[in-house]
Amino acid sequence: MIKKAGRGQVSLEFMLVFGVMLILLIYSVNNVTFKEGSASTENLRIQISLEEKNLANAISNTISQVYAQGPGSKATAYVELTYLRDPEMLSKGLGVKDPTVFITYGNYGNEGNGTYVTVVGTSGTLVLSGGDKNVFWSRGMYQAILYTNSSVWSPGVGLTVDSTTLYGLGIKPASLPSTLKIIVEWNPDKPVSWAFDPTAGELRINIKPGG
């Protein structure tokens with residue numbers, strides 16, 4: 001014989017179910033809210049870092065391809081961008097205000113030369129290694145130190161690190177396309193140049209080894 005539950009028992013069961021649902025709701029909200037030190041903020045930072053590294057690799061690999069082919073050669077690559085083109089995500093994930101994507105090219109200790117990609121702003125410290133690393137470098141075959149030359153970059157910015165000014169591209173996230181087209185050529189008749197065209201969604205690079 002089935003007994004009907006009393007009002008007290010029904011209320012207790014309801015409160016237990018309600019309590020469990022409330023705990024799950026709180027956990028869910030905390031998991032998607034970008035609080036400093038939270039799991040979601042750390043995951044966002046990792047995704048941004050992976051995209052920075054991917055962009056640095058794409059640029060260096062395309063430059064290396066052109067360098068290996070010699071004068072007159074040209075190559076094109078495409079990079080999908082999600083986080084680097086969202087200023088709000090960059091601010092939340094990296095803790096920087098008014099973020100700018102900074103790209104430059106030069107040596108890295110005894111490792112050789114290559115592409116640097118990072119995000120700078122009005123706050124934040126640049127870190128090249130370790131768990132808090134936020135500057136990403138990818139080696140390229142092209143031997144050139146360009147971060148000392150302000151005339152190479154368009155739009156160019158200067159970044160001061162330990163009293164030293166480094167020059168490179170300064171790109172506002174909102175101006176980046178969802179698919180960035182990277183065009184690298186070796187035209188001996190043109191100067192070394194790195195230019196980002198927000199209208200075309202293109203990064204055009206001309207290398208000139210020895211020039």
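The values are calculated or read from the model by the stated rules, or taken from the named source; none is laboratory data. Since this is a predicted model, take the numbers as computed values, not measurements. Here Cβ is always computed from backbone atoms with ideal geometry, including for glycine, and neighbour counts include all displayed protein chains. What goes into the accessible areas is simple: the full protein's heavy atoms, side chains included, and nothing from ligands, DNA or RNA. Shrake-Rupley method; radii C 1.70, N 1.55, O 1.52, S 1.80 Å.
The sole residue among THR160, THR125 that is β-branched (Val, Ile, Thr), open to solvent by 70 Å² or more (accessible area, probe 1.4 Å) and assigned to a strand (DSSP E or B) is THR160.
A quick yes/no check of all residues on (1) touching a helix residue (DSSP H, G or I) at 6+ places or on another chain (Cβ under 7 Å); (2) basic (Lys, Arg); (3) at negative phi:
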site	(1), (2), (3)
ARG85	yes, yes, yes
SER91	no, no, yes
VAL96	yes, no, yes
THR100	no, no, yes
MET141	yes, no, yes
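Filtering the stretch 137-181 down to residues that are charged (D, E, K, R) and touching a residue at least 60 places away in the same chain (Cβ under 8 Å), which residue is farthest from SER60 (Cα to Cα)? If we take residues in the stretch 137-181 being charged (D, E, K, R) and touching a residue at least 60 places away in the same chain (Cβ under 8 Å), then LYS172 is farthest from SER60 (Cα to Cα). Each residue in the stretch 90-113 was checked for being in contact with a Ser or Thr (Cβ under 6 Å, 6 or more places away or on another chain) and open to solvent by 70 Å² or more (accessible area, probe 1.4 Å), and 2 of them qualify.
Looking only at the stretch 163-174, count every residue that is out of contact with any Lys or Arg (no Cβ under 8 Å at 6 or more places or on another chain) and either open to solvent by less than 40 Å² (accessible area, probe 1.4 Å) or part of a loop (DSSP other than H, G, I, E, B) (or both) and tell me the total. Let's see the steps before the verdict.
Kept after step one, since they are out of contact with any Lys or Arg (no Cβ under 8 Å at 6 or more places or on another chain), are these residues of the stretch 163-174: 163-172.
Narrowing the set further to residues that are either open to solvent by less than 40 Å² (accessible area, probe 1.4 Å) or part of a loop (DSSP other than H, G, I, E, B) (or both) leaves 163, 168-172.
Within the stretch 163-174, residues that are out of contact with any Lys or Arg (no Cβ under 8 Å at 6 or more places or on another chain) and either open to solvent by less than 40 Å² (accessible area, probe 1.4 Å) or part of a loop (DSSP other than H, G, I, E, B) (or both) number 6.
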